[in-house]
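Participant: Okay, here's the structure, questions in a sec.
The values are calculated or read from the model by the stated rules, or taken from the named source; none is laboratory data. A quick note: this is a predicted structure, and the numbers were derived from the prediction, not measured. Methodologically, a virtual Cβ is constructed for each residue, glycine included, from the backbone with ideal geometry; neighbour enumeration extends over all protein chains shown. To get the accessible areas, we keep the full protein, side chains included, count just its heavy atoms, and leave off ligands, DNA and RNA. Shrake-Rupley method; radii C 1.70, N 1.55, O 1.52, S 1.80 Å.
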Amino acid sequence: MSDPASTPESARQDPGRRRFLQGSVALGAALVAGARRPSAAQAQPAPDDPSKVLGGPMRPYGERARFEQAVREIAPESKTDERGSSLTPLGETLGIITPSALHFVVQGSLPDIDPTKHRLLIHGLVDRPVIMTVEDIKRLPSTSRILFLECAGNTMSEWRAPIGKTVQGTHGRTSCSEWTGVPLALLLREVGVQQGAAWIIAEGADTNGNEHSIPLAKALDDILVAYGQNGEALRPENGYPLRLIVPGWEGSANVKWLRRITVVDRPYMTRMESTVHAALMPDGKARQLGFVMEAKSVITFPSGGQRLPGPGLYEIRGLAWSGRGLVRRVEVSTDGGKTWRDARLQEPVLPIAHTRFRLDWQWDGREAVLQSRCTDETGYVQPTLAALVQVRGLNSTIFNNAIQSWQVAADGSVHNVHP
Ligand SMILES: Nc1nc2c(c(=O)[nH]1)N[C@H]1C(S)=C(S)[C@@H](COP(=O)(O)O)O[C@H]1N2
Ligand SMILES: [Mo]
């Protein structure tokens, strides 16, 4: 690529592009050096020239190339807790949509639900309680939205010390899908909400005890009863055949395997709200029923566990999101927060969705600390960990939206640090 004759016309005219192409030679080397060897590929090598041999037959349901190996990682607590999670490989996903097969999962045991037998009951303070089949729901006017979903426990390992080795470990409890379903408001209009109703309780058909109280105002605003994810039915792990999608709110409110909605007059302080998801403050009091996921961002490349092959041009990439709406701005620092530069936001920038940001960076080969900082449309700026700890103390681990730091060492290895 250093030979001008082989450089595309567009690159010759644009020195920035030219530099980028030269930088990408180094990047290519990194990928080869760092790549895990796919075992399937080892077992049966691909032909050097596939245009000369017959390939396989057509497949009725597509699978990724056998050389692609990114998988969800089972979180450490899953081995001991009744409920566990598996984490999205954010260091390897591209763009803003998380493939359904890699969408993070929080569950106890996975229910096996026949959609023809599944029912959704809506009752409580309503005029006309109903029991609906999945087919009943699919007949109704529907809508699709691209929305992130983040567990309140995302990044929980990082309060006291840098524990996660990779961005999958530190931030893998957030994903972004296109969800299709029926507005809950429509169902609630059908059943006729009575005077005095102020909350709903949502319940799933699993053994996990994830009942959740949600204010009626939110239920009438933008909640979906979803059956679709990225163009097909929800995956079993993500709530098949029905789940709530509660835009911008903590993951646990997005009740999966949805089978009952009870309209009530007050929050029921379920196990989720009173214990697991109450944020314990330094004075021993707890913040409860605080649901919105505040603005957050993380650099996915370069990130922990990756390695840069040498000095040169790199595209710093990451994801930013806010439960309150649009990401307005993402700034990136390569000197541990001393100076900041604005990253480019990849269009379309959608409210309450992952937003991909990018910034070209010329690495000089010296130690660097990379950070990203998100500002959302309300003007809220993602805090440092120190600022967060000052207010919230160290009693609870949920709702950690602090700025993440990745240290690039002189040898190109990348590490999770608290600078
Ligand atoms: N019925 C039920 N719904 C549930 C859960 C559960 O265990 N059971 N886990 C909740 C939690 S804590 C989160 S973070 C989200 C995760 O959704 P996902 O597994 O589709 O990523 O589902 C929520 N909905
Ligand atoms: Mo969660």
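Participant: For the subset of the stretch 157-184 comprising residues that are assigned to a loop (DSSP other than H, G, I, E, B) and away from ligand 1 (no atom under 14 Å from the Cβ), which member is nearest to Thr88 (Cα to Cα)? If you could, list the steps in order and put the result at the bottom.
Facilitator: Step one: list which residues in the stretch 157-184 are assigned to a loop (DSSP other than H, G, I, E, B), which gives 159-166, 172-173.
In the following step, the residues that additionally are away from ligand 1 (no atom under 14 Å from the Cβ) were identified as 159-166.
Details: Trp159: 20, Arg160: 23, Ala161: 21, Pro162: 19, Ile163: 17, Gly164: 13, Lys165: 14, Thr166: 11 Å.
Applying the filter and picking the extreme gives Thr166.
Participant: Please indicate, with yes or no, whether at least one residue in the stretch 113-121 is assigned to a strand (DSSP E or B), hydrophobic (A, V, I, L, M, F, W, C) and either touching a residue at least 60 places away in the same chain (Cβ under 8 Å) or surrounded by fewer than 18 Cβ atoms within 10 Å (Cβ to Cβ) (or both). Outline the logic, then answer.
Facilitator: Keep residues of the stretch 113-121 that are assigned to a strand (DSSP E or B), which gives 119-121.
Next cut, hydrophobic (A, V, I, L, M, F, W, C) only: 120-121.
Filter once more, so that each one left must be either touching a residue at least 60 places away in the same chain (Cβ under 8 Å) or surrounded by fewer than 18 Cβ atoms within 10 Å (Cβ to Cβ) (or both): 120-121.
Checked against the condition, which is being assigned to a strand (DSSP E or B), hydrophobic (A, V, I, L, M, F, W, C) and either touching a residue at least 60 places away in the same chain (Cβ under 8 Å) or surrounded by fewer than 18 Cβ atoms within 10 Å (Cβ to Cβ) (or both), the stretch 113-121 yields at least one hit.
Participant: Please give the number of the condition Ala75 fails out of (1) away from ligand 1 (no atom under 14 Å from the Cβ); (2) over 17 Å from Ala233 (Cβ atoms); (3) surrounded by 13 or more Cβ atoms within 10 Å (Cβ to Cβ); (4) not β-branched (Val, Ile, Thr).
Facilitator: (1)
Participant: Residue under question is Leu87, and the condition is that it be open to solvent by less than 30 Å² (accessible area, probe 1.4 Å) and in contact with a Phe, Trp or Tyr (Cβ under 8 Å, 6 or more places away or on another chain); does it hold? Please lay out each step first, then the result.
Facilitator: Working: open to solvent by less than 30 Å² (accessible area, probe 1.4 Å): yes; in contact with a Phe, Trp or Tyr (Cβ under 8 Å, 6 or more places away or on another chain): yes.
Yes.
Participant: Can you name the residue in the stretch 204-223 that is within 16 Å of ligand 2 (Cβ to nearest atom) and not hydrophobic (A, V, I, L, M, F, W, C) and is also surrounded by the fewest Cβ atoms within 10 Å (Cβ to Cβ) among such residues? Spell out the reasoning first.
Facilitator: Filtering the stretch 204-223 down to residues within 16 Å of ligand 2 (Cβ to nearest atom) leaves 204, 206, 208-214.
Checking the rest, the ones that are also not hydrophobic (A, V, I, L, M, F, W, C) come to 204, 206, 208-213.
On the way: Gly204: 23, Asp206: 19, Asn208: 20, Gly209: 14, Asn210: 23, Glu211: 18, His212: 25, Ser213: 23.
Ranking the candidates gives Gly209 first.
Participant: Is there any pair with a first residue in the stretch 50-70 that is basic (Lys, Arg) and a second that is in a loop (DSSP other than H, G, I, E, B) and modelled with pLDDT under 95 whose Cβ atoms are under 8 Å apart and which are 6 or more apart or on different chains, and what are they?
Facilitator: Partner pairs satisfying both residue conditions: Arg66/Pro38.
Participant: Same structure again: Here are Gly337, Gly379: which of them is out of contact with any Lys or Arg (no Cβ under 6 Å at 6 or more places or on another chain) and either open to solvent by less than 40 Å² (accessible area, probe 1.4 Å) or over 27 Å from Val246 (Cα atoms) (or both)? It would help to see each step written out before you state the result.
Facilitator: Details: Gly379 fails: either open to solvent by less than 40 Å² (accessible area, probe 1.4 Å) or over 27 Å from Val246 (Cα atoms) (or both).
The match here is Gly337.
Participant: Return the residues of the stretch 263-278 that are buried (at least 20 other Cβ atoms within 10 Å of the Cβ) and away from ligand 2 (no atom under 16 Å from the Cβ); say none if nothing qualifies. Quick ask: steps written out before the conclusion?
Facilitator: Quick first cut of the stretch 263-278, residues buried (at least 20 other Cβ atoms within 10 Å of the Cβ) only: 263, 272-273, 277.
Within the stretch 263-278, Val263 is the sole residue that qualifies.
Participant: Yes or no: Leu187 part of a strand (DSSP E or B) and out of contact with any helix residue (DSSP H, G or I) (no Cβ under 7 Å at 6 or more places or on another chain)? Show your work before the answer.
Facilitator: Numbers: part of a strand (DSSP E or B): no; out of contact with any helix residue (DSSP H, G or I) (no Cβ under 7 Å at 6 or more places or on another chain): yes.
In short, no.
Participant: Could you check the stretch 227-256 and list, in sequence order, the residues that are closer than 15 Å to His118 by Cα, away from ligand 2 (no atom under 14 Å from the Cβ) and assigned to a loop (DSSP other than H, G, I, E, B)?
Facilitator: Leu234, Tyr240, Pro241, Leu242, listed by residue number.
Residues checked against (1) within 16 Å of ligand 2 (Cβ to nearest atom); (2) aromatic (Phe, Trp, Tyr); (3) at pLDDT 95 or above:
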| residue | (1), (2), (3) |
| --- | --- |
| Asp127 | no, no, yes |
| Ile137 | no, no, yes |
| Pro141 | no, no, yes |
| Ser144 | no, no, yes |
| Gly153 | yes, no, no |
| Arg160 | no, no, no |
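Participant: Quick check on my filter: what residues within the stretch 295-326 are part of a strand (DSSP E or B) and not hydrophobic (A, V, I, L, M, F, W, C)?
Facilitator: From the stretch 295-326, those part of a strand (DSSP E or B) are 296-301, 307, 312-321; that's our starting set.
Listed by number, the residues that qualify are Lys296, Ser297, Thr300, Arg307, Gly312, Tyr314, Glu315, Arg317, Gly318.
Participant: Sticking with this structure for a sec: Quick check: is even one residue across the stretch 406-417 more than 17 Å from Tyr314 (Cα to Cα) and open to solvent by less than 10 Å² (accessible area, probe 1.4 Å)?
Facilitator: no
Participant: Okay, moving on. Can you tell me which residues in the stretch 90-111 are among the β-branched types (Val, Ile, Thr) and either more than 21 Å from Thr155 (Cβ to Cβ) or open to solvent by 50 Å² or more (accessible area, probe 1.4 Å) (or both)? Reasoning before the result, please.
Facilitator: Start the filter on the stretch 90-111 by keeping residues that are among the β-branched types (Val, Ile, Thr), which leaves 93, 96-98, 105-106.
Residue satisfying the conditions is Ile97 alone.
Participant: Here's another thing I want to ask about it. Consider the stretch 248-291. How many of its residues are more than 8 Å from ligand 1 (Cβ to nearest atom) and either polar (S, T, N, Q) or at pLDDT 95 or above (or both)?
Facilitator: The qualifying residues number 13.
Participant: Tell me yes or no: at least one residue of the stretch 321-334 is closer than 18 Å to Leu149 by Cβ and charged (D, E, K, R). Let's see the steps before the verdict.
Facilitator: In the first step, residues of the stretch 321-334 are kept if they are closer than 18 Å to Leu149 by Cβ; the result is 321-327.
Next, from what is left, pick out any that are charged (D, E, K, R): 324.
Yes, some residue in the stretch 321-334 is closer than 18 Å to Leu149 by Cβ and charged (D, E, K, R).
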